[in-house]
Amino acid sequence: MKLTVFRSLWAAALALAFASSTAAAAPDVKGLLQSYEAEAKALATNIPQPNQMSTETGQRRLVDAQVAFSIGDYDGASLVLFDLVGKTQGQDKEIATFYLAEALYHKGDRGAARQYYTEVAGAVGGKYYVPSLMRLVEISMVDHDTQTAEDAIGKLATASQTPAVPYVRGKWAFSEGKYDEAIGFFNAVPKGSEYDAQATYYLGTTFIAQKDLARATEIFTELTQRKPKSNTDRRVIELAQLALGRVYYEREQASKSIDSYLLVDRGSDLFPTALYEVSWVYVKSKQYDKALVALELLNRLDPQSTTSPTVRILEGNLRIRKAQLLRHAEITGTLSAEEKSNPAGEYDKAEKIFTETHDRYYPSFVALDRMVQGTLDPASFIDQISGHNTRVFATSAPIPEAAAQWLREEPEVQRVVNVESDLADIQRSINEAEATIVRLEGVIATGDRLTLYPALSSRRMRIAAIQHSLIGIRSQLHDQAGSSDGDRKALVAQYQALGDPEQAHGTRTAEAQQGFDKIEDSAQEVEGAVMSMQAMAVALRTYAPQLPDADRTKLQGEIDDVTKEARAIEDELADIRAEVVLGKDLAPVGDEDLMRARELRKQVKAALDAEYRNLGGRAGALAEQAARISDQLEAADQNIDAMVGQGLQDVKRMIDGERANIAEYRKLLAEYEQEVRTVGSEVLGFSFKTVREKFDDVITRSDVGNVDVSWSQREDNDDDLKRLNLARARDLKQLRDEFKFILDETATSPAQPAKPKEALPAPGPEGASPDKGGATDQRVKPAGDTKKDATQPTVKPDASKPGAKPAAKGASK
């Protein structure tokens, strides 16, 4: 009896303690469970389908593509838009299609752009209907497709009366040579509209085509005085400023032409062109100092331009001309006191310019000459000229970059380069697609369904986090309800010893990816060393021809060996990078610790569910709510897991189909590359001759410039010598004039020969005279006493001058 009463009191005390603790904890647990229940409902609804783009995601990617397009990243924009065009609908599809066409148009792929513009123009009345028709007309003008242009113009005429319609019709009329019609259309563009500035510029161009330079001058002058409303207007005004300088030059108004050129903004990409053209105006106006300033500035702004040798040679010739002018000013005494230059310095500068020009372009001439002579294969340089060589270490010496740049300027070579660039883009896309397939297969092979789809993975991670929290809440509520299930408590203790499984998984993933980042940094260091080796190899190949034959052969063999090793290192680096990328993908996948934690959590939940059923109504309302939330989350997780499984099956089928497509694309690409290589080799072989002649002209002109310097200096020296001789003759004449009376008294007149001197008295018998040979009557005659034939004058007459009289004796002395 006492034991029964004691047990009753003990039970009442426990119930009171449980009630008080529950009352204290209930408000916090209740609010938390309510928030979990609302979140569980949200997690179980609107689950994104695998392999399908949601509307929100599509709009976000469309905005990203538009941003890429606005900053000029047409490649990146087109890649995103290609995917969006096939997966979006409605207005988003129209926007994506138009921007895809625009990106391709700006890339230069007019054929593909035409297809998408036509698709957009098929929706009459759409937002991009008129802009697409305008682009079709512009493409037709380039491709000379009259039918397409006239069809588009007909649609524009009936579409609306926007300013774009007369503007594009005027451009088409101008391209067809119908200048009067073009003038009418351009004048029909409303003033102040977005196409007003462009139409006005074309109007001035049309008058130039009609040889009406005065009217063109008025139009361009009015256009340059406008305030730009947009970047397009600003560009048109800069072009008009440049055109105005050219028109004034043609009209022989040099000062106005110079003023117009100098108004081009220095930040504009047209400024180098303006400098180049204004320098010729200065030369024509004989303002050589200003021309030199413009040429020096131009050479600093764009030293790699194909006009650079012309600029440098012109500068050298102007230096010679300036030296001559300075020398003339020194001679005449008109040299300005502010002039710091001198003829010798200008000659030195000219010689330096000509020598630098020769040394810079001579290697390009030699390389192209070797190609023309057939000692080098043009096909081996297609990659360098097209600019998409994927190898860091070249197997052969590249041609000088100046030669490659000049070759790219050739129209036919440009076509080859464009085709090669397109094929290179296709090759990169195929490689990226194949690498993506390998990555997908690697991830799928792990069997992990948790982290494959980011949108679904984030939901499952949140579900796991809530389940983790519910285990603690349910265990506490069951303990408060008086449960004494030892197995459940042991499982809970084992699970809680793991900490937060998802958080630990994130930490391990971050550490693994950091390790891969370090590997990638090391790979970049190795690649830097390979690039340094490549630079050394280029330098050695450049100076190898100057070595003896034996040394050159040995050096070439060593370079070839190093090249093979560098190629092997490049291949290994490519494999390492592929493994690093795959490793980063696999870092969060297949985490065994996370899988064990998730499995243990399922066991804990099952134990809690069984314990809840055993407790019956004693667990209370909160425990019931917690169990219900846990079941809802479990159902949502299973639903997502099933969706992931179905998505993986679809991905596997897609991978099989894409592998077949890639194989077909590679086959077609190989055929196109072979064809382009064959045609490109022929085009390059012909262009090598053309460009070699251009380099030959540059070398010849630079050598002639050096000859001009030497010849000018020689002429200056000869002129100095002549002036010195003239000054000497003038001084001698002045001296003769001043001392003429003395010279006249002492000089012997040729008309009156000197009287013979009286004979000296005979010497006495004391001795013989020094001029006697012995006896007194045998005197030795001096050489001057010998009489000469009167028919032999001292100075012979000039036979070249008829009637010339012989000079008198002594006249030559």
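The values are calculated or read from the model by the stated rules, or taken from the named source; none is laboratory data. Here the structure is a predicted model, which means the values were calculated and not measured. Here Cβ is always computed from backbone atoms with ideal geometry, including for glycine, and neighbour counts include all displayed protein chains. Protein only, heavy atoms only, side chains kept; ligands, DNA and RNA dropped before computing areas. Shrake-Rupley method; radii C 1.70, N 1.55, O 1.52, S 1.80 Å.
A compact table of results
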read-out	value
Number of the condition not met by Pro166 [criteria: (1) touching a helix residue (DSSP H, G or I) at 6+ places or on another chain (Cβ under 6 Å); (2) at pLDDT 90 or above]	(2)
Top-ranked residue of region 352-367 - restricted to ones that are out of contact with any Ser or Thr (no Cβ under 9 Å at 6 or more places or on another chain) and surrounded by 18 or more Cβ atoms within 10 Å (Cβ to Cβ), ranked as modelled with the highest pLDDT	Phe365
Matching residues in region 50-79 - criterion: being of a type in the set (A, V, I, L, M, F, W, C) and open to solvent by less than 40 Å² (accessible area, probe 1.4 Å)	Leu62, Ala65, Ala68, Phe69, Ala77
All positions within region 580-599 that are within 17 Å of Asp448 (Cα to Cα), in contact with a Phe, Trp or Tyr (Cβ under 9 Å, 6 or more places away or on another chain) and assigned to a helix (DSSP H, G or I)	Gly583, Lys584, Ala597
Val142 open to solvent by 40 Å² or more (accessible area, probe 1.4 Å), among the hydrophobic types (A, V, I, L, M, F, W, C) and either touching an Asp or Glu at 6+ places or on another chain (Cβ under 7 Å) or on the phi < 0 side of the Ramachandran plot (or both)	yes
Search result, residues across region 277-304 that are among the hydroxyl-bearing types (Ser, Thr, Tyr) and more than 16 Å from Tyr248 (Cβ to Cβ)	Tyr288
Top-ranked residue in region 420-464 [being closer than 16 Å to Ile640 by Cα and small (Gly, Ala, Ser); ranked as surrounded by the fewest Cβ atoms within 10 Å (Cβ to Cβ)]	Gly447
Residue list for region 146-197, restricted to those being within 15 Å of Ala121 (Cβ to Cβ), open to solvent by 70 Å² or more (accessible area, probe 1.4 Å) and in contact (Cβ under 8 Å) with a residue 24 or more places away in the chain	Lys155
Counted residues, region 473-525 - those being in contact (Cβ under 8 Å) with a residue 60 or more places away in the chain, among the β-branched types (Val, Ile, Thr) and open to solvent by 60 Å² or more (accessible area, probe 1.4 Å)	1
Residue within region 60-72 that is farther than 30 Å from Ile640 by Cα and of a type in the set (Asp, Glu) present	no
Test result for Asp28, over 30 Å from Leu470 (Cα atoms) and outside any loop (DSSP other than H, G, I, E, B)	no
2 or more residues closer than 29 Å to Thr148 by Cβ and of a type in the set (D, E, K, R): qualifying helices (runs of 4 or more DSSP H) within region 165-235	179-188
Of all residues making up region 600-630, the number that are of a type in the set (Gly, Ala, Ser), more than 13 Å from Gln480 (Cβ to Cβ) and surrounded by fewer than 19 Cβ atoms within 10 Å (Cβ to Cβ)	4
Residues of region 238-288 that turn out to be open to solvent by 40 Å² or more (accessible area, probe 1.4 Å), of a type in the set (Gly, Ala, Ser) and at pLDDT 90 or above, as a count	1
Residue in region 718-731 that is open to solvent by less than 60 Å² (accessible area, probe 1.4 Å), in a helix (DSSP H, G or I), in contact (Cβ under 8 Å) with a residue 12 or more places away in the chain and in contact with a Lys or Arg (Cβ under 9 Å, 6 or more places away or on another chain) present	no
Verdict on Ala329 being farther than 23 Å from Ser260 by Cα and touching an Asp or Glu at 6+ places or on another chain (Cβ under 9 Å)	yes
Filtered residue count, region 645-697, keeping only those that are of a type outside the set (Phe, Trp, Tyr) and open to solvent by less than 50 Å² (accessible area, probe 1.4 Å)	18
Matching residues in region 215-228 - criterion: being touching a residue at least 24 places away in the same chain (Cβ under 8 Å) and surrounded by fewer than 22 Cβ atoms within 10 Å (Cβ to Cβ)	Thr224, Arg226, Pro228
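A quick yes/no check of all residues on (1) surrounded by 16 or more Cβ atoms within 10 Å (Cβ to Cβ); (2) at pLDDT below 90:
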{"residue": "Leu297", "(1), (2)": "no, yes"}
{"residue": "Ala337", "(1), (2)": "no, yes"}
{"residue": "Ala350", "(1), (2)": "yes, no"}
{"residue": "Gln373", "(1), (2)": "no, yes"}
{"residue": "Leu376", "(1), (2)": "yes, yes"}
{"residue": "Ser386", "(1), (2)": "yes, yes"}
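For (1) assigned to a helix (DSSP H, G or I); (2) under 18 Å from Gln115 (Cβ atoms), each residue gets a yes or a no:
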{"residue": "Ala42", "(1), (2)": "yes, no"}
{"residue": "Pro48", "(1), (2)": "no, no"}
{"residue": "Asn51", "(1), (2)": "no, no"}
{"residue": "Thr57", "(1), (2)": "yes, no"}
{"residue": "Ala68", "(1), (2)": "yes, no"}
{"residue": "Ser78", "(1), (2)": "yes, yes"}
{"residue": "Leu81", "(1), (2)": "yes, yes"}
{"residue": "Glu94", "(1), (2)": "yes, yes"}
{"residue": "Leu100", "(1), (2)": "yes, yes"}
